[in-house]
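A.B. asks: My structure is below; once you've seen it, I'll send some questions.
The values are calculated or read from the model by the stated rules, or taken from the named source; none is laboratory data. Not measured: the values here are computed from a predicted model. Positions of Cβ are backbone-derived with ideal geometry, glycine not excepted, and every protein chain shown enters the neighbour counts. Just so you know, the surface numbers come from the protein's heavy atoms only, side chains and all, with ligands and any DNA or RNA stripped out. Shrake-Rupley method; radii C 1.70, N 1.55, O 1.52, S 1.80 Å.
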Amino acid sequence: MSMEGTGATTLKGRQCAALRQMLGFNQPGVLGLNGPGASGAHSATPTSAPAWKLLLFDRVGQDILAPVMNVKQLREEGVTLHLNIHSDRDPVPDVPAIYFCQATDENLRRIGEDLRLQLYGSYYFNFISPISRQKLEDLAQAALQTQAVTQIQKVYDQYVNFISMESEMFCLRHQSSSALSYHALNKGSVTDTEMENMLSQMVDGLFAVCVTLGTIPIIRCPKGNAAEAVATRLDKKLRENLRDARNSLFVSDGIQAGQYSFYRPLLVILDRQFDLATPLHHTWTYQALAHDVLNYSLNRVQITESTPSPMGGARSKSKTRSCDLDSKDAFWVKHKGSPFPLVAEKIQEELEDYRSKEEDIKLMKSEMGMDAMENDAAIGMLSDNTQKLTSAVSSLPALLEKKRLIDMHTSIATAILEQIKLRKLDVFFELEEKILSRQVTDKSLKDIFEDTEAGTPEDKLRIFLIYYLCAQQVNDQEIRELEDILEANGCDMAGVKYLQRWKSVTRMSQQTASASDYSGGGTKTVSMFSKLMTQGSSFVMEGVKNLVVKKHNLPVTKIVEELMEVRPGQHQDDFRYFDPKILRPTDNIPRAKNPFQEAIVFMVGGGNYIEYQNLMDYTQQAKSGVNLSSVGQQSMSSHGKRIIYGCSTLVNAKQMMQQLAELGHEMT
């Protein structure tokens with residue numbers, strides 16, 4: 001089954017369809033899609049209107065639902081009340097309850113307590129990952145002891161153990177992200193049991209992604225790290241599932257999934273160890289900046305706005321505002337990957353367009369003598385007098401929604417701009433791009449570090465770490481001098497100590513990106529925002545550089561491009577190759593020779609929006625037949641490529657630096 005397409009054929013669309021079917025009591029055919037884990041006999045018949053029910057979830061289930069379904073969508077599916085499984089709840093004896101949670105001992109104990117208290121009329125248990133036979137027997141024993149067997153309608157394994165952040169992006173953990181973090185995987189005190197548990201969780205999540213897409217990928221990974229351990233276990237799990245033909249999750253209508261599809265996707269599993277510079281890089285695109293400088297998680301950003309005091313005094317009140325950023329927001333979808341200066345210009349253009357339409361409606365009201373009529377219903381009564389006014393009135397809801405989105409993006413962009421100006425983030429970004437592309441810098445790191453107005457100590461430490469990781473030749477005396485300045489500025493240098501140890505170890509194994517792999521695109525500065533300045537924009541961009549960044553591939557994209565194009569190279573030769581469809585693998589299994597059109601990229605130890613956007617840019621370039629890494633050459637395929645980016649956890653630079661510092665402190 002191909003990943004190609006939009007809507008319900010994207011990873012997020014398929015997961016949403018599976019969740020909606022779960023909320024429809026897993027009745028086949030309700031949504032035209034038989035979701036994962038929905039095999040077997042069903043006595044229920046589809047209904048035209050949703051039945052009312054309660055939804056109970058744990059923290060993992062809440063994180064999975066949050067980016068996919070909001071409260072309004074849950075209500076449309078008949079969910080009257082949604083609660084955490086561990087909250088205090090009152091009995092609702094005549095209403096069915098749908099449980100969506102992991103099959104942990106803690107959750108199963110609470111389910112047993114709910115059965116004992118007879119809280120609900122009937123129970124539908126949906127486990128995010130498969131429940132073991134032992135725990136299923138424990139659940140059955142609890143039902144027998146509480147005489148609730150007849151009330152339990154269904155028990156399902158859902159295979160949706162991942163969080164769909166975007167149509168083509170997922171992560172495995174959010175609230176419990178420390179469990180699968182870079183720090184957790186690389187700390188010296190990690191036990192074999194803890195490591196095995198982390199690997200099992202990642203394999204479980206990737207297996208759920210494969211089931212949701214209905215496809216068996218070919219797996220590639222580097223040797224000798226956590227990525228290889230995940231790939232080996234996933235290959236085994238997929239092969240075992242295919243071997244059991246009667247219960248395979250990849251069989252549909254008697255035909256093995258992917259058997260007749262022209263393309264199979266490539267799954268590239270990478271370890272965060274191979275590139276530690278990219279997660280620390282200051283960024284310049286809208287979504288990545290929001291994640292870097294604002295409180296942005298699960299597709300929701302929290303911003304603090306100041307409002308003038310109602311008494312007219314000098315003091316102003318601050319309030320926190322939540323903004324949802326999702327696929328229904330056309331402006332966000334179009335510009336989330338755009339450079340911030342371009343986003344500021346586009347917001348201004350949208351505002352001007354809104355104002356012109358608003359003026360047209362006001363002018364029509366004035367011409368018809370309706371200035372005093374503020375009620376839209378009054379306008380509607382007179383609308384049949386003129387076709388033009390009818391059109392204007394019918395467009396009012398869309399116009400009001402457009403105004404709401406413009407106001408929201410204005411607030412977000414203003415909050416980002418404040419951080420750019422306060423910390424001179426444009427200067428840091430430009431300097432880092434020049435370090436990565438080995439261009440001559442107009443300022444030395446020492447000058448930046450000694451500038452009290454440039455950035456926070458954290459910003460200075462970030463650029464130092466990038467320089468230390470990526471410089472081809474490092475002068476020990478210069479490094480010590482820079483470290484002394486940073487230490488005097490109050491920086492925690494534990495992360496530097498960890499990277500020194502890490503660099504000496506990885507230099508021997510040669511399993512990380514070399515200085516040449518970073519080859520940043522560099523920047524150039526162009527004329528500064530004259531349009532915004534002259535037209536009275538709320539974005540006063542004085543003192544901020546308008547940086548135009550040359551398109552370039554990050555290390556992860558270079559690897560993916562080489563493997564997808566089946567192009568001769570270091571990674572093509574060195575990476576391991578798994579094909580789970582070959583049920584009896586040998587050392588020399590036949591390899592795919594045609595370029596791949598679809599790929600899933602998974603980062604063990606934490607991913608970021610910078611890599612995600614770079615991969616999306618690559619797919620757009622591939623659609624136009626342009627190869628970013630070799631100017632003037634055409635891509636080997638004329639078809640558009642499709643890439644899904646996933647990671648164990650989603651981290652910004654601040655979180656990554658905290659993890660490096662923790663590892664450094666643990667060394668002492």
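A.B. asks: Could you identify the single residue in Ser129, Ser176, Ser164 that is in contact with a strand residue (DSSP E or B) (Cβ under 6 Å, 6 or more places away or on another chain) and touching a residue at least 12 places away in the same chain (Cβ under 8 Å)?
C.D. replies: Numbers: Ser129 fails: in contact with a strand residue (DSSP E or B) (Cβ under 6 Å, 6 or more places away or on another chain); Ser176 fails: in contact with a strand residue (DSSP E or B) (Cβ under 6 Å, 6 or more places away or on another chain).
Answer to the check: Ser164.
A.B. asks: Additional query: Given the conditions (1) modelled with pLDDT of 90 or more; (2) open to solvent by less than 60 Å² (accessible area, probe 1.4 Å); (3) closer than 21 Å to Thr278 by Cα; (4) assigned to a helix (DSSP H, G or I), and given that Cys491 satisfies all but one, which numbered condition is not satisfied?
C.D. replies: (4) is the only condition that Cys491 fails.
A.B. asks: Before we move on, is Glu433 acidic (Asp, Glu) and within 17 Å of Pro279 (Cβ to Cβ)? Before the answer, list the steps.
C.D. replies: On the way: acidic (Asp, Glu): yes; within 17 Å of Pro279 (Cβ to Cβ): yes.
The answer is yes for Glu433.
A.B. asks: Another question about this same structure. Kindly indicate whether Val230 is crowded, with 21+ Cβ neighbours inside 10 Å and either within 30 Å of Trp332 (Cα to Cα) or modelled with pLDDT under 90 (or both). Write out each step before concluding.
C.D. replies: Numbers: crowded, with 21+ Cβ neighbours inside 10 Å: yes; either within 30 Å of Trp332 (Cα to Cα) or modelled with pLDDT under 90 (or both): no.
Against the criterion (crowded, with 21+ Cβ neighbours inside 10 Å and either within 30 Å of Trp332 (Cα to Cα) or modelled with pLDDT under 90 (or both)), Val230 does not qualify.
A.B. asks: While we're looking at this one, here's another question. Looking at the stretch 11-28, I want the residues that are open to solvent by 20 Å² or more (accessible area, probe 1.4 Å) and have a partner that is of a type in the set (Val, Ile, Thr) and not in a loop (DSSP other than H, G, I, E, B) with Cβ atoms under 8 Å, at least 6 apart or on another chain. Which pairs are those?
C.D. replies: These pairs meet every condition: Arg14/Thr212; Phe25/Ile98.
A.B. asks: Considering the stretch 81-108 alone, what residues qualify as being closer than 16 Å to Arg59 by Cα and not in a strand (DSSP E or B)?
C.D. replies: Result: Ile85, His86, Ser87, Asp88, Gln102, Ala103, Thr104, Asp105, Glu106, Asn107, Leu108.
A.B. asks: Go over the candidates Lys421, Lys460 one by one and state the one that is part of a helix (DSSP H, G or I) and open to solvent by less than 70 Å² (accessible area, probe 1.4 Å). It would help to see each step written out before you state the result.
C.D. replies: Values: Lys421 fails: open to solvent by less than 70 Å² (accessible area, probe 1.4 Å).
Going through Lys421, Lys460 in turn, the sole match is Lys460.
A.B. asks: Now a separate question. Give Ile412, Ile361, Ile435 a once-over and let me know the one that is modelled with pLDDT of 90 or more and open to solvent by less than 60 Å² (accessible area, probe 1.4 Å).
C.D. replies: On the way: Ile361 fails: modelled with pLDDT of 90 or more; Ile435 fails: modelled with pLDDT of 90 or more.
One residue alone meets the criteria, Ile412.
A.B. asks: Are there any pairs with C-beta distances below 7 angstrom linking a residue in the stretch 347-360 that is among the basic types (Lys, Arg) to a residue that is part of a helix (DSSP H, G or I) and open to solvent by less than 70 Å² (accessible area, probe 1.4 Å), with the two at least 6 apart or on different chains, and if so which?
C.D. replies: Matching pairs, first to second residue: Lys357/Leu399.
A.B. asks: Do we find that Val190 is assigned to a loop (DSSP other than H, G, I, E, B), of a type outside the set (Gly, Ala, Ser) and open to solvent by 10 Å² or more (accessible area, probe 1.4 Å) in this structure?
C.D. replies: So Val190 passes the test.
A.B. asks: Looking at the stretch 449-457, can you tell me whether even one residue there is of a type outside the set (A, V, I, L, M, F, W, C), in contact (Cβ under 8 Å) with a residue 12 or more places away in the chain and in contact with a Cys (Cβ under 6 Å, 6 or more places away or on another chain)?
C.D. replies: yes
A.B. asks: When the stretch 46-61 is examined, which residues are found to be assigned to a helix (DSSP H, G or I) and more than 25 Å from Gln118 (Cβ to Cβ)? Spell out the reasoning first.
C.D. replies: To start, the set of residues in the stretch 46-61 that are assigned to a helix (DSSP H, G or I) comprises 59-61.
Within the stretch 46-61, Arg59, Val60 qualify.
A.B. asks: Of these, Ser200, Ser177, which one is surrounded by fewer than 21 Cβ atoms within 10 Å (Cβ to Cβ) and modelled with pLDDT under 95? Step through it out loud before you land on a result.
C.D. replies: Details: Ser200 fails: modelled with pLDDT under 95.
After applying the criteria, what remains is Ser177.
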